[in-house]
Amino acid sequence: MTSIGALGENYQKFNPRAYLQNNYMPPRADFSSEDCAVPWKMRCLAEAFATGEIRGRTLIDIGSGPTIYQLLSACDHFEEIILTDYLEVNRQVLRRWLHEDPGGFDWSPYFKHACSLEGKGEHWKEKAQKLREKVKRVLPIDIHQAQPLGPSTLLEPADALVSAFCLEASSPDLESFQRALANVTTLLKPGGHFLMIGALEESYYLAGEAKLQVVPVTEADVKETLVRSGYRICQFRAYIMPPSLKIGVDDVRGIFFVNAQKQECQ
């Protein structure tokens, strides 16, 4: 069994460009089909934020990776957004996007799709600028520590958390996944919402030369772990990966989306 330390070492081989190519370009990011994986994820997020129930001062994105799509529908609902990732290489990708450096990944189709989903008549460039203005910090994080952002980072508990493909992809076994979720829950205030997207029954994925182990969680595993960590599950949705999107970069069987609320009394 791979240890947390060994998994962390293997992540040093992570190639953000390859990861984005594998997961955030066609065929998985085909915006002409609402049944495609990426549009499905974005619709789940847009509909959750559209309720108006998930809002406040601060949103923390747990394990952002090199991606920002998970935050596009959050823009109007929070004063500040904090990005986090374990890898400096991913934090560099995020900073380059924030600084509008040329040569980075083209997120414009994602912004256009988010604007279409939300139906507010907002121009995608305005949304992109808004997100850049809302992102206040890009911080290192280690979800396997009791204080995931470190003892020196003085943050009030967030009003909401978002996390996409982090906890199961950074945990060598179910027990580590459960502890990691408990750790990041300390960053959320009681009554706050945790929107999490993740892989169902996946054991590995590729990111360039890196072949990264994933704990293959089931729907029942995710639900049980959330309840054990003091959440009420408001919504759980599952997506089955169609054969046309099984392109040899992982063995994922599906994707889950969950909206869970941290209970007032733990």
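The values are calculated or read from the model by the stated rules, or taken from the named source; none is laboratory data. Bear in mind that the values here come from a model prediction, so they are computed numbers and not experimental data. Just so you know, the surface numbers come from the protein's heavy atoms only, side chains and all, with ligands and any DNA or RNA stripped out. Shrake-Rupley method; radii C 1.70, N 1.55, O 1.52, S 1.80 Å.
Quick notes
- Remark: relative contact order (the chain) = 21 percent; criterion is Cα-Cα distance under 8 angstrom and separation of 6 or more residues.
- For the set LYS262, LYS189, the ranking by accessible area, highest first and with no ligand, DNA or RNA atoms included, is LYS189, LYS262 under a 1.4 Å probe.
- DSSP bridge pairs, the chain: antiparallel proportion in percent, nearest 5: 50
- Solvent-accessible surface of the range 133-266, taken per residue with a 1.4 Å probe and all protein chains present: 43 Å².
- Taking only the alpha carbons of the range 161-266, we obtain Rg and Dmax values of 14.0, 45 Å in that order.
- Across the alpha-carbon set of the range 194-251, the Rg to Rh ratio works out to 1.03, Rh being the Kirkwood radius.
- Carbon/sulfur fraction of accessible area - the chain, other protein chains in place, 1.4 Å, %: 49
- Shape category assigned to the chain from the gyration tensor of Cα positions, a/c cut at 1.5: rounded
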